[in-house]
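The values are calculated or read from the model by the stated rules, or taken from the named source; none is laboratory data. Source: prediction; values computed, not measured. FYI the Cβ positions are ideal-geometry reconstructions off the backbone, even for glycines, and counts take in every protein chain you see. SASA here: full protein model, heavy atoms, side chains in, ligands and nucleic acids out. Shrake-Rupley method; radii C 1.70, N 1.55, O 1.52, S 1.80 Å.
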Amino acid sequence: MPMNVSLPDQLMEELGITGAHAIAVVLSAVGIYLAFLVFVRIFGQRVLMAMSTFDVVITVMLGSVAGRVILGHPPTLTSGILGLATLFILEAVFGQLRSSLRVQRLMNSPARLLMIGPQIQEKTLKRSHITPGELHGALRRAGIRSYQEIACVLQEPGGGISVLRRGVPLDPRLLTDVAGADRIPAEFLGQDGSEK
C-alpha cells in the first residue's frame with residue numbers, strides 16, 4: 001500500500017466503482033443475459049437442467065465465466081451489487097415481456113413429446129439433447145416401472161421432464177402448448193376436456 005493512501009481511501013477504492021466501470025458492468029450484464037437467452041434458444045432447454053455430474057460442472061463454469069465478464073477486473077462489492085441488480089431488472093423486464101404469447105414463443109421452445117405411450121420419439125430426444133439413459137433416469141424418478149404405464153413423457157420449456165401416466169384420461173387443455181400433441185392417441189385423452 002502506498003504511503004500517501006490512507007486505509008479508508010484504499011477501502012473505498014476496493015469496495016467502490018468508477019462511473020466508467022459501472023457502465024461497463026451494466027452493459028456486460030445485459031450482453032451476457034442476452035447471449036444466454038440466445039444460446040438456450042439455439043441449444044435447447046436441455047442446458048437448463050443438470051442431469052449428470054458433467055452438466056453440473058458445465059453449469060458452474062458458465063456461472064463463473066458470466067460472473068467474471070460482468071464484474072470485470074478487479075471485481076468490487078459495488079460492481080457485484082450493480083451486476084446482480086442489472087440481472088434482476090432484466091429478469092423482471094423479460095418476465096413481463098413473456099406474458100405476451102408472441103414473445104413467449106420467441107424466447108421459449110414449446111414442450112416436446114419425448115415418448116408417446118411406450119414409443120420413444122427418437123428425433124425429439126436427439127433434438128432435445130437427451131440421452132436414452134437420462135430419459136430412463138427421469139422415468140425411474142417418476143416411479144415408472146414399465147413402459148406400459150406411460151401415456152406420454154414431455155420435456156417442458158424450462159428443461160424438466162414430465163411423465164404423464166395411463167389410467168386417468170389426459171385433459172386436452174393440458175396439452176395445448178405441446179408440440180406434436182395431435183399425435184397422442186385418443187385412447188389417452190378425455191373427451192372435450194372431461195374425463196371418460
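The table below lists the values:
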quantity	calculated
Rh by Kirkwood over Cα pairs, then Stokes-Einstein D for region 87-192 at 1.002 mPa s and 20 °C, µm²/s	143
Segment Arg165-Ala92, length gained on full extension (0.36 nm per residue, minus Cα span)	22.8 nm
Charge context of Gly143, other residues only, Cβ under 11 angstrom, K/R +1, D/E -1	+3
Within the accessible area of region 109-196 (1.4 Å probe), percent carbon and sulfur	52
